[in-house]
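Engineer: The following block contains the structure, expressed as C-alpha cells.
The values are calculated or read from the model by the stated rules, or taken from the named source; none is laboratory data. Not measured: the values here are computed from a predicted model. Virtual Cβ from ideal backbone geometry, glycine too; neighbours counted across all protein chains shown.
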Amino acid sequence: MTGTVTSALPTRQLRHDSGVLSAPTAPRVHVPALGDILRLRSNLLNAIQYAASDGSEVSYFNVGSKSMIFINRAAAADVVLSDIHTFGKPDGKNPLRLVLGDGLISNPYHDNWLQRRRALQPMYGRPSLAGMQQKMADVIAEHTRRWEYHDRTDLNVHEDMLAFALDVVSRCMFSRSGDTVSDVITPGTVSFLLGFVERRLRLPLSLPVSVQSRRNRNFTSTMRDLDDLVYRLIKERRGTGEQHDDLLDILLAAKVDDAGNPLTDVEVRDEVLTAFVAAYETTASALTWILYLLACYPDIQQRVRQEIRTPVSPGQKERQGSTFLECVINEGMRLFPPSPTIPRQVKKDALIGSAEAPKGSFVMLNVAAIHRDPIIWERPDEFVPERFMNGIPGRGKYLPFGAGAHMCIGKGFAMMEMGMLLASVVDKFEISLRDSAGPDPRALLTLRPREGFGLTLTRI
Ligand code: HEM
C-alpha cells in the first residue's frame, strides 16, 4: 500500500500531441442515456471523466434542456478564462446566490463584481495576511494539542480538516471562538447549506424555496439564524468601532467607489458568507488529500520534515522559488483539485477554437482532466512534487485556484493556512494510513472522499 495512491482518478488516453488548441472538425454532441444522466447527476466526477474520455478538447452534453460544454484541454480553458465578458459567471438563477447573494463568487453582474473585487483586494493582500498569521497559529495549536494528547491518534481526516478550516475562517473573520459564532456556524450548518445548493445544481427542477417542504423549511430557518448572527456582529462592530485586525474590520473599512462609500450591511453579509463557503470545503479538501498523499509516500513526508526543521538563514528568506512543502501542496492539488470544475455561462455567441459556444449555454472547465493531461504532465497519475520546483505552468494548464480576473482572491490565505498546518503536523507526527482501501473521491462543488477515511498520527 505504501507508495501507492490507491484512489487516483483513472488514467485517460488523450489523442492530441500538442498543447495548442486545435480545431475540432465538428463538435461531437454527447446525448447521454438515462443511466448516464443519473450517474452524471449523482457524481460530477463521472461527468468529468466521461467528457474527457475520448480526448476531445471540447465536449458537448445535452442533458434535458440544458446544453453544457466541457472544456477538457488547457488551451481551450485559456480561451475561456481570458475573456470574462463572453464567458461570465452563471446568471442570476445560480442556486449559490440563495446563500451567498451577490458576493464575489456568485455575483452575476460584471460591473458590480469588479467594484467589489477592487474593494476587497486588500482583504487578502500581504499586510492583512501577516495579521492573520497569529490567528491561524492559535487555531493550529488548539487542534494539534488535541491530537498530541495520546501517542497515537486516529483522525477521521476529512471531518477533522473541515472542523479545522471552519475554525480558521471564523477566527480570521470575527476574532472570536467558543461563543455564539461557533454555535451557529458549525461544520454541520455549512455542510447542510452547501448540500442544499448542490442538490439544486443537480436537480434544476427542485421546488422553489418558498414551498414549505421540510428541507426548504430547514434551509430558511438555518439562513435566518445565520443572517441574524452576521448582521448582529456587523452592527456591534460598527457600533463600538473596535479594531480586531480581522477580515470583518477590513470589510467594514473597504471603500467601494471613488466617493469613498463603504459596503452596505447586505454587501458585507454577502462577502462574509462567501469567504466562509469559499474557504471551508476547498481548504479542507486540499488538506485531506495532501495528508493522504503524505501517508502514502513516507519518503516525501520525511523530506518535508527535514526541510521544515532546517533553520532558514536571513538570506534564504528572500530566496526566489518554491519550498518543497509548497511543491507538495501544489502537486496535491494537481492530482486532487479541490474545485474539480469551474463553471461559466456564455454571454454572447462565441467560438472556442472552432467549436461553437451558443449564448446561454453552460461551460464547465474540466480542471481535473486538465491536471492529468499527459501532454502537459509527465507521469500524470504519479505524485511528483519536484515537478513544481521550477515554477507553475500557466495558460490554463494548472488551475486549482482558477486563473484570469476571477482567480481565487483567497489563494495567499489558503496557501499560508495549508503550509502552516502541514508543517506543524509533519513536525509533530508521523502520518500513516489506517484503512487498507484508499479514499473514494466524489465531486460536486468540491472533490472529497465519499466516506470518511482514516489516517493515524503517531507522536514523534
Ligand atoms: C485550497 C483552497 C482554495 C481553493 C482550491 C480555491 C479555489 C478557487 C477557485 C477555483 C476559484 C475560481 C472560481 C472561478 O473562476 O469562477 C476561487 C474563487 C474565489 N475564492 Fe477561492 N479557493 C480556496 C480558498 C479560498 C479562501 C481561503 C478564500 C477566502 C478566505 C477564497 C475566496 C474566494 C473568492 C471570494 C473567490 C471569488 C473570486 C472572484 O470571482 O472574484 N478561496 N477559489
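Engineer: Quick one: Asn366 ticks every box in (1) within 16 Å of the ligand (Cβ to nearest atom); (2) at pLDDT 95 or above except a single one, so which number is it?
Structural biologist: Every condition holds for Asn366 apart from (2).
Engineer: Looking at segment 124-193, what helices (runs of 4 or more DSSP H) fall wholly within it and have at least 2 residues that are surrounded by 13 or more Cβ atoms within 10 Å (Cβ to Cβ) and modelled with pLDDT of 90 or more? If you could, list the steps in order and put the result at the bottom.
Structural biologist: On the way: elements: 126-148, 157-174, 180-184.
Per the criteria, 126-148, 157-174.
Engineer: Here is a further query. Whether any residue in segment 390-399 is outside any loop (DSSP other than H, G, I, E, B), among the aliphatic types (A, V, I, L, M) and within 11 Å of the ligand (Cβ to nearest atom) is what I want to check. Even if it seems obvious, please write down each step before you answer.
Structural biologist: The initial filter retains those residues of segment 390-399 that are outside any loop (DSSP other than H, G, I, E, B), namely none.
Taking every residue of segment 390-399 in turn, none turns out to be outside any loop (DSSP other than H, G, I, E, B), among the aliphatic types (A, V, I, L, M) and within 11 Å of the ligand (Cβ to nearest atom).
Engineer: Another question, then. Quick check on my filter: what residues within segment 119-170 are touching a residue at least 40 places away in the same chain (Cβ under 8 Å) and basic (Lys, Arg)?
Structural biologist: Residues satisfying the conditions are Arg126, Lys135, Arg152.
Engineer: Just to be sure I understand, how many residues within segment 95-118 are within 11 Å of the ligand (Cβ to nearest atom) and buried (at least 19 other Cβ atoms within 10 Å of the Cβ)?
Structural biologist: 9
Engineer: Within segment 40-86, can you find the residues that are within 16 Å of the ligand (Cβ to nearest atom), modelled with pLDDT of 75 or more and among the β-branched types (Val, Ile, Thr)?
Structural biologist: Answer for segment 40-86, where residues must be within 16 Å of the ligand (Cβ to nearest atom), modelled with pLDDT of 75 or more and among the β-branched types (Val, Ile, Thr): Ile69, Ile71, Val79, Val80, Ile84, Thr86.
Engineer: Just to be sure, is Pro400 out of contact with any helix residue (DSSP H, G or I) (no Cβ under 9 Å at 6 or more places or on another chain) and of a type outside the set (A, V, I, L, M)?
Structural biologist: Numbers: out of contact with any helix residue (DSSP H, G or I) (no Cβ under 9 Å at 6 or more places or on another chain): no; of a type outside the set (A, V, I, L, M): yes.
Spelling it out, it is not the case that Pro400 is out of contact with any helix residue (DSSP H, G or I) (no Cβ under 9 Å at 6 or more places or on another chain) and of a type outside the set (A, V, I, L, M).
Engineer: Turning to a different aspect of this structure: Has segment 318-330 got any residue that is within 16 Å of the ligand (Cβ to nearest atom) and among the acidic types (Asp, Glu)?
Structural biologist: The answer is yes, given that some residue of segment 318-330 is within 16 Å of the ligand (Cβ to nearest atom) and among the acidic types (Asp, Glu).
Engineer: Something else now. For segment 406-431, how many residues are farther than 19 Å from Leu293 by Cα and within 7 Å of the ligand (Cβ to nearest atom)?
Structural biologist: Number of matching residues: 7.
Engineer: The conditions are (1) surrounded by 13 or more Cβ atoms within 10 Å (Cβ to Cβ); (2) without any contact (Cβ under 8 Å) to a residue 60 or more places away in the chain, and Gly241 fails exactly one of them. Which is it?
Structural biologist: (1)
Engineer: Only one residue in Val256, Val363, Val272, Val266 is touching a residue at least 60 places away in the same chain (Cβ under 8 Å), closer than 25 Å to Ala77 by Cα and hydrophobic (A, V, I, L, M, F, W, C), so which one is that? If you could, list the steps in order and put the result at the bottom.
Structural biologist: On the way: Val256 fails: closer than 25 Å to Ala77 by Cα; Val272 fails: closer than 25 Å to Ala77 by Cα; Val266 fails: closer than 25 Å to Ala77 by Cα.
Checking each option against the conditions leaves just Val363.
Engineer: Name the pairs whose Cβ atoms lie under 6 Å apart, with the first residue in segment 96-115 and under 13 Å from His406 (Cβ atoms) and in a helix (DSSP H, G or I), the second within 11 Å of the ligand (Cβ to nearest atom) and among the polar types (S, T, N, Q), and 6 or more positions between them or separate chains?
Structural biologist: These pairs meet every condition: Trp113/Asn107.
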